[in-house]
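J.: Handing you this structure, nothing more for now.
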Amino acid sequence: MTGFTEDELIETIGKILSGEAPGVRLGAGRDDAALVEPGRHLVILTADMLVEGVHFELTTMSARDLGYRAVTVNVSDVAAMGGSPRFGLVTLGLPKDTEASWVVELFGGLREGGDEYAVALVGGDLSRADRVVISVTVTGEVPDGGAVTRSGARPGDRIVVTGALGAAAGGLRLSRADPHLAGSAVASEWGRSLLAALFRPLARVGEGQSLAQAGATAMMDVSDGLSLDLSRLCKASGVGAAVALDRVPVAEGVRELCRELGEGDPLIMALEGGEDFELLATLPAGAVQPAAASLRERFATPLTDIGEVRTQVGVVALDPEGRERPLEPRGWDHFAG
Ligand SMILES: [Mg+2]
């Protein structure tokens with residue numbers, strides 16, 4: 001580390017993370033471990049690791065955005081169970097030439113993400129590593145019997161998705177585009193919205209709870225792309241699905257991006273682009289309208305019915321003429337590349 005000793009860094013991080021938070025008896029850096037009060041409900045546990053060169057590049061993602069994102073991706077998994085996030089632990093691997101100011105910015109982003117979703121960051125660990133690795137663990141809670149898993153989809157249920165898809169993939173494509181195009185795109189509304197989706201993703205916590213209350217039979221977050229994640233949900237539920245391609249909500253800006261680049265298919269980006277962190281759920285047909293109304297009124301978040309759960313396994317795409325073809329489960333697979 002340059003600019004700080006490890007003890008100084010830990011003290012600085014302790015100050016960034018400090019602050020009263022509900023349920024925290026002993027927070028970050030105070031003792032051997034943190035002490036928190038258990039909630040009244042079931043505990044949700046989730047962890048997510050971001051590795052330099054695999055999940056992000058230091059040249060294109062700021063320390064602050066990286067910290068914010070590391071919290072958000074975990075919160076999204078809690079949201080996908082229908083739960084509320086509570087506490088977080090942060091473990092970092094840092095190369096020895098890492099600037100202390102970069103680490104302080106990273107913790108600024110972690111704190112910002114924690115504040116956004118009411119996650120109290122109560123501790124963690126630091127180690128030297130040969131590249132930046134950031135692992136965040138988040139706990140959450142959900143009433144017993146209230147969690148929504150991936151395995152409850154039933155034939156006849158409707159398939160719904162929150163928000164719109166493809167924006168983060170568009171942002172990633174834009175961040176790698178030639179500087180001239182990227183420069184002019186950043187000056188436009190559509191360009192900024194794509195980059196915001198990439199660097200400041202939203203976790204749909206309230207929406208997840210609303211969908212659970214509305215009777216969602218299965219739910220997950222779209223982290224690896226709709227076609228791949230839907231195939232996982234169907235597999236877990238032992239069902240198949242049909243997706244109406246003309247109903248898939250393509251994020252604003254994706255069409256402009258493809259036009260400017262002169263390549264790419266907006267629908268493919270929406271189907272296969274990962275990291276949007278929208279929620280994919282199945283609902284009994286009669287529950288879709290009330291759920292959509294509740295999401296619109298409470299969060300101004302659209303909910304789109306994109307198809308139906310079927311008995312026959314496999315996921316098919318329906319084109320506007322009603323023709324069927326298999327929908328290949330393509331998307332972001334960390335071990336495929
Ligand atoms: Mg997930």
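The values are calculated or read from the model by the stated rules, or taken from the named source; none is laboratory data. Source: prediction; values computed, not measured. Don't worry about glycine lacking a Cβ; one is built from the backbone with ideal geometry, like all the others, and counts go over all protein chains shown.
J.: Quick check: is even one residue across the range 281-301 acidic (Asp, Glu) and not in a helix (DSSP H, G or I)?
T.: no
J.: So, in the range 198-216, exactly how many residues are part of a helix (DSSP H, G or I), within 17 Å of the chain's Cα centre (by Cα), modelled with pLDDT of 95 or more and over 13 Å from residue 303 (Cβ atoms)?
T.: Final tally of qualifying residues: 2.
J.: Taking the options 83, 113, 93, 88, name whichever one is in contact with a Leu (Cβ under 6 Å, 6 or more places away or on another chain) and either small (Gly, Ala, Ser) or within 16 Å of the ligand (Cβ to nearest atom) (or both).
T.: 88
J.: If you check 255, 323, which single one turns out to be of a type in the set (Lys, Arg) and within 19 Å of residue 175 (Cα to Cα)?
T.: 255 is the lone residue from the list that is of a type in the set (Lys, Arg) and within 19 Å of residue 175 (Cα to Cα).
J.: Could you check the range 229-252 and list, in sequence order, the residues that are crowded, with 16+ Cβ neighbours inside 10 Å, modelled with pLDDT of 95 or more and away from the ligand (no atom under 16 Å from the Cβ)?
T.: 239, 240, 241, 242, 243, 244, 245, 248, 249, 250, 251
J.: For a quick check of your reading of the model, give me the residue pairs whose first member lies in the range 205-227 and is more than 15 Å from the ligand (Cβ to nearest atom), whose second is among the aromatic types (Phe, Trp, Tyr), with beta-carbon atoms closer than 6 Å and at least 6 apart or on different chains.
T.: Correct list of pairs: 206/299.
J.: Does the range 66-74 contain at least one residue that is in contact with a strand residue (DSSP E or B) (Cβ under 7 Å, 6 or more places away or on another chain), within 16 Å of the ligand (Cβ to nearest atom) and small (Gly, Ala, Ser)?
T.: Yes, the conditions are met somewhere in the range 66-74.
J.: A further question on this structure: Please pick out the residue among 123, 191 that is touching a residue at least 24 places away in the same chain (Cβ under 8 Å), touching a Lys or Arg at 6+ places or on another chain (Cβ under 9 Å), surrounded by 14 or more Cβ atoms within 10 Å (Cβ to Cβ) and outside any loop (DSSP other than H, G, I, E, B). First the steps, then the outcome.
T.: Values: 191 fails: touching a Lys or Arg at 6+ places or on another chain (Cβ under 9 Å).
Only one candidate qualifies: 123.
J.: Just give me the residues in the range 7-38 being among the small types (Gly, Ala, Ser) and within 19 Å of residue 115 (Cα to Cα), in sequence order.
T.: Selection gives 14, 18, 19, 21, 23, 27, 28, 29, 34.
J.: Give the residue that is nearest to the chain's Cα centre (by Cα), with candidates limited to residues of the range 217-251 that are farther than 20 Å from residue 148 by Cα and not in a helix (DSSP H, G or I).
T.: 251
J.: Here is a further query. Can you find, within the range 39-65, the residue that is surrounded by the fewest Cβ atoms within 10 Å (Cβ to Cβ) among those that are away from the ligand (no atom under 16 Å from the Cβ) and under 15 Å from residue 85 (Cβ atoms)?
T.: In this case the residue turns out to be 43.
J.: Let me ask you something else. Among what's in the range 263-308 and is buried (at least 21 other Cβ atoms within 10 Å of the Cβ) and among the charged types (D, E, K, R), pick the residue that is nearest to residue 252 (Cα to Cα).
T.: 276
J.: Turning to a different aspect of this structure: Can you work out which of the residues in the range 54-104 that are among the basic types (Lys, Arg) and part of a helix (DSSP H, G or I) is farthest from residue 146 (Cα to Cα)?
T.: Per the stated criteria, the residue is 64.
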